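Input: a single structure, listed below in structure tokens.
The values are calculated or read from the model by the stated rules, or taken from the named source; none is laboratory data. Keep in mind the model is a prediction, meaning the values are calculated, not measured. For neighbour counting, all protein chains shown are included, and Cβ atoms are generated from backbone atoms with ideal geometry for every residue, glycine included. These accessible areas exclude ligands, DNA and RNA; they are computed on the full protein's heavy atoms, side chains included. Shrake-Rupley method; radii C 1.70, N 1.55, O 1.52, S 1.80 Å.
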Amino acid sequence: MRVHIIGGGNLGSALAIGISKFTKNVDVVMTRRNLQQIQSLASDVIKISSSNKFEIDKADIIILTIKPYQVDAVLQEILPHISQKIIASAVSGCSIHSLEEKTNHAHHIVRIMPNIAAQFGASATCISYSESSKNVGTQVQDLFSQLGIAVTIEEKLMDGATVLGACGTAYALRYIRAAMQAGIEIGFDAQTAMAIASQTVKGAALMTLEEKVHPEQLIDRVTTPQGCTIVGLNEMEHQGFSSSLIKGIKTSFHKIKDMKS
Ligand SMILES: NC(=O)c1ccc[n+]([C@@H]2O[C@H](COP(=O)([O-])OP(=O)(O)OC[C@H]3O[C@@H](n4cnc5c(N)ncnc54)[C@H](OP(=O)(O)O)[C@@H]3O)[C@@H](O)[C@H]2O)c1
């Protein structure tokens, strides 16, 4: 399979690296204008180019990882050179319908919302496609399920997926940073605090992913009556821990809606 990634920035590069590490028999072409920035990623599996048209006719899946305002120019450039392709767009806020119109209904459009942990085979990718693109949607899902988990969702949930799955990486990293800072105050050096905080988050995530039980049930396993965990947790809640997360996630969600209107 050949995947053609247009927009070798943060997300595009993470996808290219993830594909090269975690899939078999998938080649990548990745493009951006400032090629210098991705020179180090060029390999047997990843070809890089500053031309979006480079070998695009050979692509099985074209992935768009560009900003919304770059979509029209990129499509104008590539459309005369492709026919009947699968175009998987990670562009936030750009609907399947608008992409179908922009591509004259001549291609299969799939919306994807991966995150940059695809680089480590750990993305939470949400995928949407219309009924008429079901077969190709399944192909895209197969690819992304090798880069982490890949779930099909209704398109109306895509803004929510952007916040929970893509922005969510930043929220989780901020938790790790805060835990590190506390760890340093308690006496750890920064590197050790980072390793402990990160591995603890990874372990907690593995428990919910593998056991599929509500986090609160798992918290019960850690909290001894009158112990140190419950007093810390309750103090965090008194200070608005869950409330601030919920409010932050909803603020990001409303911002996406505002940007579209
Ligand atoms: N970052 C994330 O975690 C994440 C997660 C999910 C979805 N997304 C979405 O993915 C898209 C990209 O986000 P990002 O964070 O990766 O942005 P980014 O780092 O700015 O990457 C965009 C890339 O597109 C390239 N580009 C711009 N115009 C181009 C053109 N005409 N032809 C080819 N390449 C072009 C830019 O490089 P040059 O200027 O060198 O061309 C840049 O490297 C956005 O729509 C974002 O909402 C991002």
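Take the residues of the range 149-170 that are within 11 Å of the ligand (Cβ to nearest atom) and of a type in the set (S, T, N, Q): which is nearest to Gly18 (Cα to Cα)?
Across the range 149-170, the extreme among qualifying residues is Thr169.
In the range 60-118, how many residues are more than 18 Å from Tyr129 (Cβ to Cβ), out of contact with any Asp or Glu (no Cβ under 7 Å at 6 or more places or on another chain), open to solvent by 20 Å² or more (accessible area, probe 1.4 Å) and within 14 Å of the ligand (Cβ to nearest atom)?
Residues in the range 60-118 being more than 18 Å from Tyr129 (Cβ to Cβ), out of contact with any Asp or Glu (no Cβ under 7 Å at 6 or more places or on another chain), open to solvent by 20 Å² or more (accessible area, probe 1.4 Å) and within 14 Å of the ligand (Cβ to nearest atom): 12 in total.
Please list, ordered by first then second residue, the pairs with beta carbon atoms under 8 Å, 6 or more apart or interchain, first in the range 61-87 and free of Cβ contacts under 8 Å to residues at least 40 places away in the same chain and at positive phi, second more than 7 Å from the ligand (Cβ to nearest atom) and open to solvent by less than 70 Å² (accessible area, probe 1.4 Å).
Filtered contacts from the range 61-87: Gln84/Ala106; Gln84/His107; Gln84/His108.
Give the residue, chosen from Asn34, Asn52, Asn104, Asn25, that is free of Cβ contacts under 8 Å to residues at least 60 places away in the same chain and in contact with a strand residue (DSSP E or B) (Cβ under 9 Å, 6 or more places away or on another chain).
The match here is Asn52.
Just the residues that are of a type outside the set (A, V, I, L, M), open to solvent by less than 60 Å² (accessible area, probe 1.4 Å) and more than 19 Å from Thr208 (Cβ to Cβ), please, taken from the range 122-152.
Listed by number, the residues that qualify are Ser128, Tyr129, Ser130, Ser133, Gly137, Gln141, Phe144.
Determine which single condition Asp189 fails, assuming it passes every other condition in (1) open to solvent by 60 Å² or more (accessible area, probe 1.4 Å); (2) in contact with an Asp or Glu (Cβ under 7 Å, 6 or more places away or on another chain); (3) not β-branched (Val, Ile, Thr).
In the conditions (1) open to solvent by 60 Å² or more (accessible area, probe 1.4 Å); (2) in contact with an Asp or Glu (Cβ under 7 Å, 6 or more places away or on another chain); (3) not β-branched (Val, Ile, Thr), Asp189 misses (2) alone.
List pairs: first residue in the range 245-258 and more than 13 Å from Gly168 (Cα to Cα), second residue open to solvent by 80 Å² or more (accessible area, probe 1.4 Å) and assigned to a helix (DSSP H, G or I) anywhere in the structure, Cβ distance under 9 angstrom, at least six positions apart or on different chains.
Filtered contacts from the range 245-258: no entries.
Would you point out the residue of the range 119-139, among those that are of a type in the set (A, V, I, L, M, F, W, C) and in a helix (DSSP H, G or I), that is nearest to the ligand (Cβ to nearest atom)?
This residue is Phe120.
Here are some conditions: (1) open to solvent by less than 70 Å² (accessible area, probe 1.4 Å); (2) at pLDDT 95 or above; (3) under 30 Å from Cys94 (Cβ atoms). Ile246 meets all but one. Which one does it not meet?
Answer for Ile246: the failing condition is (1).
Considering only the range 36-54, state which residues are open to solvent by less than 80 Å² (accessible area, probe 1.4 Å), in a helix (DSSP H, G or I) and either under 22 Å from His81 (Cβ atoms) or near the ligand (Cβ under 10 Å from one of its atoms) (or both).
Of everything in the range 36-54, just one residue is open to solvent by less than 80 Å² (accessible area, probe 1.4 Å), in a helix (DSSP H, G or I) and either under 22 Å from His81 (Cβ atoms) or near the ligand (Cβ under 10 Å from one of its atoms) (or both), namely Ile38.
For the range 19-35, how many residues meet the condition of being more than 13 Å from the ligand (Cβ to nearest atom), surrounded by 15 or more Cβ atoms within 10 Å (Cβ to Cβ) and not in a strand (DSSP E or B)?
Summing the residues that are more than 13 Å from the ligand (Cβ to nearest atom), surrounded by 15 or more Cβ atoms within 10 Å (Cβ to Cβ) and not in a strand (DSSP E or B) in the range 19-35 gives 5.
Of the residues that make up the range 8-18, is at least one assigned to a loop (DSSP other than H, G, I, E, B), under 29 Å from Met259 (Cβ atoms), within 10 Å of the ligand (Cβ to nearest atom) and open to solvent by 10 Å² or more (accessible area, probe 1.4 Å)?
yes
Among the residues of the range 153-175, write down those that are touching a residue at least 12 places away in the same chain (Cβ under 8 Å) and surrounded by fewer than 20 Cβ atoms within 10 Å (Cβ to Cβ).
Within the range 153-175, Ile153, Glu154, Glu155, Leu157, Gly160, Leu164, Cys167, Gly168, Thr169, Tyr171, Ala172, Tyr175 meet the criteria.
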